[in-house]
Amino acid sequence: MSIREDIAVNLVQTLQDIKQPVDIKYVTREPFDFEKLSNAQYPAILVRSADEDREDDTVGGSLSHRMATINYQLICFVKSSQIDTARNDIIEAIEEGLDVDRTRGSVALDTQIVSIETDEGSIAPVGGVIITLRVLYKYQRGTL
């Protein structure tokens, strides 16, 4: 399995394990229609691989080390009579959950939340949040 895949799998597992301050009910990497979720499946998160930058870490041939920075988007859906509070709670839960192991199971160098966007009420009665994570990792060319 590639490091990219290891990181994505770790993100899903980490998010599934979050119980406080919000018990995250549904986490997947497969696109879904949030309008078809039952109330028991909220909050829900779609983990999506996004853009990636790569560069040489050392000068060398085919066995040189490379650095990569990959972004993941966490598309979050909450349902509550207090949507803004529910959005804030899931943001806090995700940040705290991801900070427990910023190395994503020792395959990455660092994980950081770099941006947070909300739907601003456009999908009420559901609230949406997009959290962009940046994960820095190192790999050896030819072993990805």
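Quick note: the coordinates plus some simple rules give every number you see, no bench work behind them. Treat the numbers as computed from the prediction; the structure is a model and nothing was measured. Note that each Cβ is placed from the backbone with ideal geometry, even for glycine, and that neighbours are counted across all protein chains shown.
Keeping to segment 18-36, report how many residues are in contact with a strand residue (DSSP E or B) (Cβ under 6 Å, 6 or more places away or on another chain) and either part of a loop (DSSP other than H, G, I, E, B) or touching a residue at least 60 places away in the same chain (Cβ under 8 Å) (or both).
Qualifying residue count for the region: 2.
Kindly indicate whether any position in segment 85-94 is acidic (Asp, Glu) and closer than 19 Å to Ile7 by Cα.
no
For every residue, the table says whether it meets (1) closer than 22 Å to Val9 by Cα; (2) touching a Ser or Thr at 6+ places or on another chain (Cβ under 9 Å); (3) of a type in the set (A, V, I, L, M).
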| position | (1), (2), (3) |
| --- | --- |
| Tyr72 | yes, yes, no |
| Cys76 | yes, no, no |
| Ser80 | no, no, no |
| Ala93 | yes, no, yes |
| Val107 | yes, no, yes |
| Ile131 | yes, yes, yes |
| Tyr139 | yes, yes, no |
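List the residue pairs whose Cβ atoms are under 8 Å apart, where the first residue sits in segment 40-52 and is more than 13 Å from Val135 (Cα to Cα), the second is buried (at least 19 other Cβ atoms within 10 Å of the Cβ) and small (Gly, Ala, Ser), and the two are 6 or more positions apart or on different chains.
Within 8 Å, the pairs are Pro43/Ala86; Val47/Ala8.
Test of understanding: among Asp57, Asp53, Asp84, which residue is more than 11 Å from the chain's Cα centre (by Cα) and within 23 Å of Pro21 (Cα to Cα)?
Details: Asp57 fails: within 23 Å of Pro21 (Cα to Cα); Asp53 fails: within 23 Å of Pro21 (Cα to Cα).
Within the list Asp57, Asp53, Asp84, the selection yields Asp84.
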